[in-house]
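The numbers here are math on the coordinates, done by the rules we state, and not lab data. What you are looking at is a predicted structure, and each value in this text was computed from that prediction instead of being measured. FYI the Cβ positions are ideal-geometry reconstructions off the backbone, even for glycines, and counts take in every protein chain you see.
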Amino acid sequence: MGDLPATTHVLHDDRSATRWVEAYPVGNGHRGAVCAGRAGVEHLWVNDGTAWSGPPPTDPLAGARARGPAHLDRVRAAVAAGDVRAAEALLAETQTPWAQAYLPLAEIDVEVAPADDAGTTPPRVRGVARRELDLRTGVATHTWRHPVAGVVVHESWADAGGGALVHAVRAERPVRLTVRVESLLRAAAPDHAPEPAGPAALVRAVDLPVDVPPSHHPEGELRYDADRGRTGLVAVVAPADPGAAVADGALRTGAARTHVLLVATATTDPPGEPGAAPAAERLAAQLAAAPPAQDDADALRERLRAAHVAEHARVYGRVHLDLPTPAGAADLPTARRIRAAADRPDPGLAALAFHHGRYLLLSSSRPGGLPATLQGIWNPWLPGPWSSAYTLNINLQMAYWAAGTTGLAECHEPLLDFVRRLAAGPGADVARELYGAAGWVAHHNSDAWGHAASVGHGRGDAQWSAWALGGTWLAQHVVEHHRFTGDDAALRAAWPALRGAGEFALDWVQTAGDGDLARAWTSPSTSPENRYVAPDGDPAAVTTNAAMDVALLRALADGCREAAVALGADDADEPWLARLEQVVAALPDPAVGSRGELLEWGRELAEAEPEHRHLSHLVGLYPLDSLDPTTTPDLARAAARSLELRGRESTGWSLAWRIALWARLGAGDRAHDQVLLSLRPADDSDGRHRGGLYPNLFSAHPPFQIDGNLGLTAGVAEMLLQSHRRADGRVRLDLLPALPAAWPDGEVTGLRARGGAEVDVAWRDGAASAVVLRAPADRAVEVVVRQGAPAAGDTVADDTPAAVVALAAGATVILDLTRDLPVAGPSVSHAPRS
Ligand code: FUC
């Protein structure tokens, strides 16, 4: 840990959190807590990854007023006739109400009182001396002074081995703790609160609602159902304290200088885990990590902490980015540091945010758990923003963009499991019942149960509800995971999902002409969530052949072929694979509009909102690779033009996407401009869509959405290393492809390339000064190093010479930059100006 500096790995503050977005999060992909760092009474917001409303009705189209292929034919006929209003009305009939919500489970107060005070007088405290979140250890700490008990130190972590939340309190003189658990959810009947075996446990059982409408559906009502509803459980124990007792709804400890509390959480019949052990057993398993009487509290704390830190650091420590931090910047409380960076450049803040994004993903998404929600594993609201669920037209995907490039491949697994479940269950049911299609489908929203139908309760705008390519995009993650890990077993397990996505595509895409396809098109088609001006003068979304449809479907065909080759797929698969390739080739190619921009829809249409936050038509540039300055320079220029036309300003996740898009264009200064907008202080006072950072570094849409954080990490990685290009069958490593002038010196270690190579690169005065490569298997790669950053506003033409480097399994290759690599200065072409 010693070599990971606090300047770019620690958040800190000298005041308690008054708002949730000031508090520090810990999590292990199964449960999480957000710690306020309040002196006297610490406050923890507690979440369990399986605490979702539901279960949903068994009919995945429950609530839709129309279904079936004949209805789809009517929609298509309306689109073909140019009657977009009729198409919208017909589509609305197919909408289910909404997906279910990720719930806030509990809030815990831990009151500290000196031993002789028996906890009866309110604590007299002197404010917070310091609270911090150390990303390297995954431990949130706060330190304050009590006039009698002296210095008190609280530590919170979520056991990285998948166990309980741990809250340790140490004081200079003995203190007693009083622990209370509250919840926004309805208290369950007493017989729903099992008493786990072992030491005295404070158990709180809550009813999980069966249905939670999103906050933007005022007509909906939160509903509990005693028969169908599930139960959420929280158990708090002080395992090393024989004097701890539960009375009057509180856990009271004895007097000691060190206390260790374990907080176990579980829900009954958890989504995604049919056959899971009973919730009480799962609670007990988390608490069993600390057998009572084995240790005193100090030994217990040390043992649990050491095991947690070792496992957390094993994953977290794989990547480190070092960018210069101005003197004193890291000493400022992080919230002040964010404000100060507006006046004095602080590249180290970008490094801190980059690391923080990795921290949030590994805290929110671990093997065996569910995918990260819009707020990761944390949510204090009922309901959370957009139900704190899954949005599939950008947000869920973006949350996982950094998994491959920043060494968090195992964090991708919950998403891949989710894709497999969707494909095998609700996604297939909805494809069949709604469209008469094979394979599986997903639309705009989903939840832990795999909601696959479109939502909107018959009134949802087609701009978001009618998009049927959620599964097509998610399938891409199966392929990307394999590109980074080479994990054939994972690919084989996900092959049915990939094939199912291909089968759906074959049924979804419309074709004309047998044999030689004359034409293929998608209908109804939307470009999430943008709208054009329809002939009646009002905005509309439904059309044909949105650029995103074509990019996703072609990437799907490529991915299916790549997976089939990797797995040595059966001859039986060849007919559909070949047909899919033929069909997507017959879709219209991306085209350039009259302003030099990449067309968003199948033909040039006036945008209803020219600065719309979504960049759906640029998906081929990033995260896909069909638009590229090398292979499609004209389209890459058009993509740059589209980005300019959209403007610089947007929501947190949209800024993050632009970082990666500009990086793929080789425009480091443009990417950096978006980094700076992402790192300014969040301002959610006026309801504008303007990204930035809250005091705890959570990214603002506003409100907080984790995609802005995780997308920033992916975007910064893309500025430093790209590996989507291939040459002669070899992966090409583009080192420092979009280095901004603002980061003349720096170093990154442990970035991952497709094909599995690990890359360290250091640079001085804007030029690479050291490159180290490692690979898990023997392979040759092409290496390209850019020397010197292009001027702001330019995109790099790709004529930098490449070197072929042979890597041996497990060996470290230190490149001699003067001998091994032909290097070239930037060769720039001017991006069009508005
Ligand atoms: C999509 C976006 C919104 C928001 C929501 C969760 O609908 O258009 O900006 O991110 O998802």
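Annotations
- Cα shape, segment 197-324, gyration tensor, a/c 1.5 rule: oblate
- Computed label-point distance, nm, for sites ALA741 and GLU649 using a 7 Å Cα→Cβ extension: 2.5 nm
- Two-site FRET efficiency, ALA780 against GLU311, from Cβ-Cβ distance with R₀ of 35 Å, rounded to 0.05: 0.50
- Calculated Rg and Dmax of the chain using C-alpha coordinates, Å: 26.8, 88
- Pairwise FRET efficiency - ASP343 versus VAL41, Cβ, R0 = 51 Å, nearest 0.05: 0.90
- Lys/Arg +1, Asp/Glu -1 at C-beta; the chain dipole; positive extreme among VAL175, THR651, ALA639: VAL175
- Sequence-separation-based contact order of segment 628-701, relative, with Cα cut under 8 Å and 6+ spacing, percent: 26 percent
- In plain terms, the chain from ASP507 to ASP570 could stretch by 20.5 nm, reckoned as 0.36 nm per residue minus the Cα-Cα distance.
- Stretchable slack from VAL151 to ASP116, in nm (0.36 nm times residue separation minus alpha-carbon distance): 11.0 nm
- For segment 128-280, a Kirkwood hydrodynamic radius built from all Cα pairs, placed in the Stokes-Einstein relation at 25 °C and 0.890 mPa s, yields a translational diffusion coefficient of 139 µm²/s.
- Angle between the chain longest axis and helix 297-316 axis [Cα atoms, degrees, rounded to 10]: 10 degrees
- Model label sites at ALA762 and ARG459, defined 7 Å from Cα along the beta-carbon direction, differ in position by 6.2 nm.
- Beta bridges per DSSP, both residues in the chain: antiparallel share near 95 percent.
- The slack in the chain from ALA86 to ARG819, taken as 0.36 nm per residue of separation less the alpha-carbon distance, amounts to 257.3 nm.
- Here segment 1-101 is treated as a sphere whose radius is the Kirkwood value from Cα pairs; by Stokes-Einstein at 20 °C and 1.002 mPa s it diffuses with a coefficient of 114 µm²/s.
- Cut-off under 5 Å, modelled amide H: who pairs with ALA164 long-range: ASP159
- In Hz, Karplus ³J(HN,Hα) per residue of segment 32-47 (6.51, -1.76, 1.60; θ = phi - 60°; x = Gly, Pro): x, 9, 10, 10, 6, x, 9, 5, x, 10, 6, 10, 10, 8, 10, 10
- Karplus-derived HN-Hα couplings along segment 156-169 (A = 6.51, B = -1.76, C = 1.60, θ = phi - 60°), whole Hz, x at Gly and Pro: 10, 8, 10, 3, 5, x, x, x, 6, 6, 10, 10, 10, 10
- Relative contact order for segment 175-320: 23 percent, from Cα pairs under 8 Å spaced at least 6 residues apart, divided by residue count.
- Stokes-Einstein diffusion coefficient of segment 618-769, Kirkwood radius over Cα pairs, 20 °C, 1.002 mPa s, in µm²/s: 135 µm²/s
- Per residue, the average separation of C-alpha pairs within less than 8 Å and at least 6 apart gives the chain a relative contact order of 12 percent.
- Near-label residues of segment 95-113 by backbone N, under 17 Å of a point 7 Å along Cα→Cβ of ARG65: 95-98
- Placing pseudo-labels 7 Å out from each Cα toward the beta carbon at ASP686 and ARG19 gives an inter-label distance of 1.6 nm.
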